């Protein structure tokens, strides 16, 4: 999407990506790839929160390029707590979806991709998938 704002990632595309990553997590779980399944769940939540930020701020899309982030550095993050704060649904998530939020927040970090294979249990991967699903639903 090319607009006066630049090549922003359209909000609808962010939502579609979030749903696709959640589907990927389920496929990975079925293939017993629990580490990656859990990691992808956090990524799905990140995308959903960025889509919600666009909706809250009435942006046509989320910045993608360095130039688009000029003056918006606080939005160029992978920090789920900060993204939730910027999303406009922090109170709702923390009050109505505290357990799923806590599951994702306490078990996801971008550095997970560097952890040794086998650190995520099947139960945790399943919990992350269910938690991500709840959060995606709550950020529409």
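Taken together, the values in this text are just the output of simple stated rules run on the coordinates, not laboratory data. Computed from a prediction, not measured in an experiment: that's the story for all the values here. Note that we place each Cβ from the backbone using ideal geometry, even for glycine, and neighbour counts take in every protein chain shown.
Computed from Cα positions, the angle between helix 34-57 and the longest principal axis of the chain comes to roughly 20 degrees. For the peptides 103-116, 125-138, residues were scored by their other Cβ atoms within 10 Å and the scores averaged per peptide; the highest-first order is 125-138, 103-116. For the chain, what is the calculated [θ] at 222 nm in deg cm²/dmol (nearest 500), taking -39500 (n - 2.57) for each run of four or more DSSP H residues and dividing by its residue count? Here the helix-only value at 222 nm equals -20000 deg cm²/dmol. Does anyone have the angle between helix 98-107 and the longest principal axis of the chain? Alpha-carbon axes, 0 to 90°, nearest 10? Computed tilt is about 80 degrees. Between the C-alpha center of the range 39-59 and that of the range 95-140 there is a gap of 15 Å. For the chain, the relative contact order is 34 percent, taking Cα pairs closer than 8 Å that sit 6 or more residues apart in sequence and dividing their mean separation by the residue count.
According to the Cα-based calculation, Rg over Rh for the range 9-138 is 0.97, with Rh computed by the Kirkwood formula. Relative to the longest principal axis of the Cα atoms of the chain, the long axis of helix 11-30 lies at roughly 10 degrees.
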